[in-house]
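Written out below as structure tokens is the structure these notes cover.
The values are calculated or read from the model by the stated rules, or taken from the named source; none is laboratory data. If you're wondering where the values come from, they're calculated on a predicted model, not measured in any experiment. Please note: Cβ atoms are built from the backbone with ideal geometry, for glycine as well, and neighbour counts cover all protein chains shown.
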Amino acid sequence: MSSHLSAWNSDYCSRGRLWAGRVHGLPDLPAPSAVLELGCGNGKTLGCMPAGWQVTALDMSLEALHLCRRSVPKAELILADARALPFQDESFDAVFAFHVTGHLPGPGRRALAREAARVLASGGRLFFREFGLEDMRAGQGEEVEPGTFRRGSGIITHYFAKAEVEELFLGMKPLFVGTQRWKLRIKGDDLVRCEVDAVFLKI
Ligand SMILES: C[S@@+](CC[C@H](N)C(=O)[O-])C[C@H]1O[C@@H](n2cnc3c(N)ncnc32)[C@H](O)[C@@H]1O
């Protein structure tokens, strides 16, 4: 785990704000919903959340939280591990896990899923987003586990199939699991970005 953490910290230290742009597809939640974001990074998703939500965001990288604090000054930020959440059961109406689950090895992904379900109130929803198997980067780097690749920075990324996402959150009811694909033109080549989006209901 320490190499995982140091890979993230050194990436933030050397490259600064890693994630920018608008985040699409945030749901309509009633204000004031209690919302938790896992692995908030430098605040790309957090910065797009409506002011009426009561958001707590966490990351295990202190460097990420420093950057996040600059871009989202009023957010409640916590240094914590998404695999062992420092919250009581049923504390939140919604949990967001956007591009964090896939940066953990299999046991970590399952621990995150269990913890997300635990801290959600009954009737609460989990919003999930990760790269899918057809993504342009899938297969690049060293395969450290099936479907999980480590690239030059030391950061690992797992690329998901839809069925695997349903299986990961088996204790919750899937409301939506879908794959989005779009083209990116990079240096004259048409490449495909592919994400799996899902919403699960805690019953
Ligand atoms: C791709 S960035 C996420 C960005 C953010 N969710 C967004 O949508 O812009 C992934 C983040 O997950 C964090 N992370 C990785 N493993 C984690 C863990 N076990 N607990 C908490 N944060 C973690 C990393 O430090 C990094 O900041």
* To do: Could you check how many residues of the range 38-56 are outside any strand (DSSP E or B), touching a strand residue (DSSP E or B) at 6+ places or on another chain (Cβ under 7 Å) and either free of Cβ contacts under 8 Å to residues at least 60 places away in the same chain or among the hydroxyl-bearing types (Ser, Thr, Tyr) (or both)?
  => 6
* Being closer than 20 Å to Val199 by Cα, more than 12 Å from the ligand (Cβ to nearest atom), touching a Lys or Arg at 6+ places or on another chain (Cβ under 7 Å) and modelled with pLDDT of 90 or more narrows it down to one of Ala117, Ala34, so name that one. => Ala117
* **Flag if Phe149 is under 25 Å from Leu26 (Cα atoms) and among the aromatic types (Phe, Trp, Tyr)** => no
* Asked: In this structure, is Leu67 within 11 Å of the ligand (Cβ to nearest atom), more than 15 Å from the chain's Cα centre (by Cα) and surrounded by 13 or more Cβ atoms within 10 Å (Cβ to Cβ)?
  -> yes
* Asked: Among the strands (runs of 3 or more DSSP E) confined wholly to the range 89-203, which include 2 or more residues that are on the phi < 0 side of the Ramachandran plot and over 15 Å from the mean Cα position of the chain (by Cα)?
  -> 92-98, 120-131, 142-145, 148-150, 173-186, 189-201
* **For Ser61: the one exception among (1) free of Cβ contacts under 8 Å to residues at least 60 places away in the same chain; (2) more than 13 Å from the ligand (Cβ to nearest atom); (3) within 26 Å of Val165 (Cα to Cα)** => (2)
* Asked: In this structure, is Thr157 hydroxyl-bearing (Ser, Thr, Tyr), more than 16 Å from the ligand (Cβ to nearest atom) and farther than 21 Å from Leu36 by Cα?
  -> no
* Restricting attention to the range 57-77, report how many residues are assigned to a strand (DSSP E or B) and over 18 Å from Thr101 (Cβ atoms). => 2
* To do: Go over the candidates Ser14, Ser3 one by one and state the one that is more than 13 Å from the ligand (Cβ to nearest atom) and in a helix (DSSP H, G or I).
  => Ser14
